[in-house]
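One structure below.
Here, each number is a calculation from the coordinates, and none is a lab measurement. Keep in mind the model is a prediction, meaning the values are calculated, not measured. Note that we place each Cβ from the backbone using ideal geometry, even for glycine, and neighbour counts take in every protein chain shown.
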Amino acid sequence: MPGGKYVLPKLKYGYAELAPFISEAQLTLHHSKHHQAYVNAANAIYDKLDKARQDGSELDFKAVAKELAFNSGGHVLHSLFWENMAPAGKGGGGIPDGAIADAIKNEFGSFERFKTEFSKAAVTCEGSGWAVLAYGKMTQRPIIMQVEKHNVNFAPGLALLLALDVWEHAYYLDYKNERPKFVEAFWNIVDWRAANERLKDAL
Ligand code: MN
């Protein structure tokens, strides 16, 4: 009997609560339409696999693997992104403390240096993609990944701590073509508690 399916996660805040940094209209579309589309597409691949195994038909594995990496990557990264934001002043914004603050200071020298590097990774990501802060257990070091689409330049085996979506669909209503303004706004709603929890799990 095949296992379960991906499910669109509920947000821990209302659609209007990240404004003015992400507007209600922008967040509603992003979560309920764009993210939902990745969930549906990833689940459709599992349906295709189930069907082929039931009727014995052949699978185009190259196509299936590519679609699954893209759509499940989209689902996982969006789920992380929602989790690592909170309304400004109510968990969102400010500077980190605890284990993640120490890890950032040890690796980057200062929080400001980390912020500059992460922002740069987000702004310069070619086409659609993500800036992701991850933690390598083998090296015991945090590292910034610049992920194109949802799955290109993705280093395997790292624990994901913090993600910022810089696809145009994340900011086009609020900032039009001005990605740097969206990246700057993100620092007002980043939830360091969530990143800290993830780091604790990774250690
Ligand atoms: Mn997105």
Q.
So, R0 is 35 Å and r is the distance between the beta-carbons of residue 52 and residue 10; what FRET efficiency does that work out to, to 0.05?
A. 0.60
Q. Which entries of 62/149; 149/176; 10/51 show an alpha-carbon separation above 21 angstrom in the structure shown?
A. 10/51
Q: Please list, in chain and number order, the residues 5+ apart from residue 143 or on another chain whose amide H is under 5 Å from its amide H, with Hs placed from the backbone.
A: 134, 135, 136
Q. In degrees, nearest 10, range 0 to 90: what is the angle between the Cα axis of helix 111-124 and the longest Cα principal axis of the chain?
A. 40 degrees
**Q.** Note, ³J(HN,Hα) from phi for the range 184-200, Karplus 6.51, -1.76, 1.60, rounded to Hz, x at Gly and Pro
**A.** 5, 5, 3, 5, 7, 10, 5, 9, 5, 4, 5, 5, 5, 4, 5, 5, 4
Q | Check: the range 1-56 dipole with +1 on Lys, Arg Cβ and -1 on Asp, Glu Cβ, in debye | A | 120 debye
**Q.** Long-range HN-HN contacts of residue 162 with modeled amide H, under 5 Å
**A.** 133
(Q) Give me the three principal axis extents of the chain from the C-alpha atoms, as integers in angstrom, largest value leading. (A) 57, 41, 30
